[in-house]
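*Asks:* Please see the structure below; I have some questions.
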There are 2 protein chains.
Amino acid sequence: MSRLAAPSVLGYALLELLARAPCTGYELTQTMDYPVGHVWAARHSQIYPTLIDLEARGLVRHRVVAGRGPRDTKRYTVTAKGKRALVSWVGSPFRVPESRNEFLLRVRALWLTDRARALELVRAAYDHHRARLAMYQADEARFDDRDRHDPKQPGFTTYATLRAGIGYEQHMVAWCEWMLASLD
Amino acid sequence: MSRLAAPSVLGYALLELLARAPCTGYELTQTMDYPVGHVWAARHSQIYPTLIDLEARGLVRHRVVAGRGPRDTKRYTVTAKGKRALVSWVGSPFRVPESRNEFLLRVRALWLTDRARALELVRAAYDHHRARLAMYQADEARFDDRDRHDPKQPGFTTYATLRAGIGYEQHMVAWCEWMLASLD
DNA sequence: ATATACATGTAACAAGTTACATGATTTA
DNA sequence: TAAATCATGTAACTTGTTACATGTATAT
């Protein structure tokens, strides 16, 4: 989080949220939990220092306001400079990063174990992905036509990532079914 | 990489590879590059220290042998203790970790940019995922019937992760096509 | 009475990236 | 003769996790 290199990916994630609407750090931790956390996870212990860093770079600014709860809270907004940095990031060269999937790594190691334990791992994943799929599909029903069709609306890109989530969960559910059948 | 906590996920990834066949650090870096790297990526600068750590824990052991190239190389094997640690890891409780997908994070931010740049990002991803899919499908053709059907063969679990990769790339290709159509 | 929500931080550590370092042999 | 392959390491840095730290108000 030095002031010389570019902001971290999390920094841009927070900027993008703040570009949609000013938020407090606390509200950001909640939105980062869901839905953004399903795309880029972060804990409050990383979010608060990142906000301080973004402010040191002049990309956001805060005002102390009365909180919903018992104490004061800081409401952050994106500065003009922050908006420019964000737009520049979105258009900057991008390579799909290498992935890390601990579940599939364990699947690779299943030949070392017995059938019961293999089934246990895959069934737990199956339950998890079916639950996620149901949750995402319930979310999808809430989007209105403008969100579904106008790419300039923030709602559209949220919808687009939700569609990606649904497709992913469908794929994982199908894979688990194939795997469970193969283990029999 | 302290000697007190459990080995890292990468440590188990290397153990699993060595349980299939003894390897040198150099060979491990190549296998980690592909195919394992598509499930758990790591560079040689992380792999070599991890091997040293695994050896300090007594989970692997090495012998210096003549290398293919000009210099000597270290051939690592899993110890009995290493095999037990690996089997215990495979059966240990597992929760699907939170994900980090920078591509989808950028997609979320596309409302901030113009149609041309949005198309550019999605088309690059489209090309990437179609190329991956073709590569995986070519790989799949090479698996024989024993690998496809016997869950106790290491080849089967490799095949299973490859099937997961194919399903994932198919999902991403379909999503990109939907997205490109939506941007029109 | 107890737990949850509100609200924001720091510290110690683990994991991962990039760059530096070396140098022979084989292939184009 | 230039580049790629073989072969193994270290150092500085960034990123992310877990635990520590504090304290009020509201709901159960």
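All of the numbers you see were taken from the coordinates with simple rules; none came from a lab. Everything quoted here is computed from the prediction, not taken from an experiment. All Cβ positions, even for glycine, are placed from backbone atoms using ideal geometry, and neighbour counts span all protein chains on display.
*Asks:* Write down, largest first, the equivalent ellipsoid semi-axes of the range A:20-90 in whole Å, where each equals the square root of 5 times an eigenvalue of the alpha-carbon gyration tensor.
*Replies:* 19, 17, 11
*Asks:* Separate question: Can you show me the helix-derived [θ] at 222 nm for chain A, built from DSSP H runs with n ≥ 4 at -39,500 (n - 2.57) apiece and divided by the number of residues, rounded to the nearest 500.
*Replies:* It comes out at -20000 deg cm²/dmol, rounded to the nearest 500.
*Asks:* Apply the a/c threshold of 1.5 to the C-alpha gyration tensor of the range B:49-112 and tell me whether it is rounded, prolate or oblate.
*Replies:* Oblate, because a/c is 1.5 or more while a/b does not exceed b/c.
*Asks:* Restricting to Cα atoms and excluding each atom paired with itself, what does the Kirkwood estimate give for the protein assembly as shown in Å?
*Replies:* It is 22.8 Å.
*Asks:* Oh, and also: From the convex hull of the Cα coordinates of chain B, what is the mean projected area in square nanometres?
*Replies:* 14.1
*Asks:* Another question about this same structure. Relative to the other copies, what are the label-point distances for residue A:95, with labels 7 Å from Cα along the C-beta vector, expressed in nm at one decimal and sorted shortest first?
*Replies:* The projected label point of residue A:95 is separated from its counterparts by 3.4 nm.
*Asks:* Still on this structure, I have one more. For label points placed 7 Å from Cα toward Cβ, what is the shortest-first list of nm distances from residue A:150 to its copies?
*Replies:* 6.1
*Asks:* Which Cβ of chain A lies nearest the axis of the rotation superposing A onto B, and at what whole-Å distance?
*Replies:* A:171, 2
*Asks:* Further question: How far apart are the residue B:137 label points across copies, placing each 7 Å from Cα toward Cβ, in nm, shortest first?
*Replies:* Here residue B:137 shows inter-copy label distances of 2.8 nm.
*Asks:* Sticking with this structure for a sec: Have a look at B:34, B:5, B:15 and report the one farthest towards the positive end of the charge dipole of chain B, computed about the Cα centre with Cβ charges (Lys/Arg +1, Asp/Glu -1).
*Replies:* B:5
*Asks:* On to the next question. May I ask you to list the lysines whose Cα is less than 21 Å away from that of residue B:74, ignoring any residue fewer than eight positions away on the same chain?
*Replies:* Result set, ordered by chain and number: B:83.
*Asks:* Then there's this: What are the ³J(HN,Hα) couplings of the range A:12-27, residue after residue, when phi is run through the Karplus curve with 6.51, -1.76, 1.60 and θ = phi - 60°? Round to Hz, x for glycine and proline.
*Replies:* Once rounded to whole Hz, the list reads 5, 4, 5, 4, 5, 4, 5, 5, 6, 6, x, 9, 8, x, 4, 5.
*Asks:* Hey, how many Å between the Cα centroid of the range A:135-184 and the Cα centroid of the range B:110-184?
*Replies:* Using only Cα atoms to place each centre, the spacing works out to 16 Å.
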